Amino acid sequence: MELRRMPKTIKADAQTWTRLVANGLVRMQFYAKIFEKPNTRRTTDKRVRKHIRKALRNILEILGHIQQRTEYMWKRVRLFKDDEELKHHCINCELTTSKLHDFLQFLKMRYDYEWEVKEMVVLELESLNNDGDVDIDIDNDILLAAWRDNRHAGGYEFDAKLKKFFKTANIAET
């Protein structure tokens, strides 16, 4: 029963991950835009910057939960895979325990890499000295690029593997 629920959980988590990363990108773009004009730095409400940083921390926290849930599923399937009777268990006509294990390992690795980049961005945003920091424009551009461009849980290869997994698991794409 547990194995049969995993593909649906994977799908929901992948959709949530994608939505949260896109939401974070919008917030990062807004944050960077605040600092485009020199006089805006002094007049911008600190509460807005604080709110954006808090929202990004919340996004990072939820991404962390997805990352941990994926690792938990991977470890559980690894245990099932080590059991001789469950090793070749078919979750459905095409999805075996071994295939699920391999896909979860791929997903776990990708989520780990991307989460580390997102964590670095959020921690750096929190450490920036927003009052009088000469390099703040450069930092914001670098952080925005890091959030936007370092997509390990996205892109063509990732999406193709996800689509193939959904087809194998007989889960309709949305």
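The values are calculated or read from the model by the stated rules, or taken from the named source; none is laboratory data. Everything quoted here is computed from the prediction, not taken from an experiment. Here the Cβ is made from the backbone with ideal geometry for all residues, glycine too, and neighbour counts use every protein chain on show. Quick note on the areas: whole protein, heavy atoms, side chains included, nothing else; ligands and nucleic acids left out. Shrake-Rupley method; radii C 1.70, N 1.55, O 1.52, S 1.80 Å.
Please find, among I52, I34, I66, the residue that is buried (at least 16 other Cβ atoms within 10 Å of the Cβ), modelled with pLDDT under 95 and within 21 Å of the chain's Cα centre (by Cα).
Exactly one residue qualifies, and that residue is I52.
Scan the range 148-174 residue by residue and report those that are within 30 Å of F30 (Cβ to Cβ) and of a type in the set (G, A, S).
A153, G154, G155
Would you point out the residue of the range 90-107, among those that are in contact with a strand residue (DSSP E or B) (Cβ under 9 Å, 6 or more places away or on another chain) and either within 11 Å of V77 (Cα to Cα) or not in a strand (DSSP E or B) (or both), that is least open to solvent (accessible area, probe 1.4 Å)?
T97
If you go through the range 69-87, how many residues are under 18 Å from M1 (Cα atoms) and either part of a helix (DSSP H, G or I) or under 25 Å from the mean Cα position of the chain (by Cα) (or both)?
Residues in the range 69-87 being under 18 Å from M1 (Cα atoms) and either part of a helix (DSSP H, G or I) or under 25 Å from the mean Cα position of the chain (by Cα) (or both): 13 in total.
Please identify the pairs in which a residue from the range 115-128 that is aromatic (F, W, Y) has its Cβ atom under 9 Å from the Cβ atom of a residue that is modelled with pLDDT under 90 and buried (at least 19 other Cβ atoms within 10 Å of the Cβ), counting only partners at least 6 apart or on another chain.
Pairs that qualify, where the first residue is aromatic (F, W, Y) and the partner is modelled with pLDDT under 90 and buried (at least 19 other Cβ atoms within 10 Å of the Cβ), are W115/A153.
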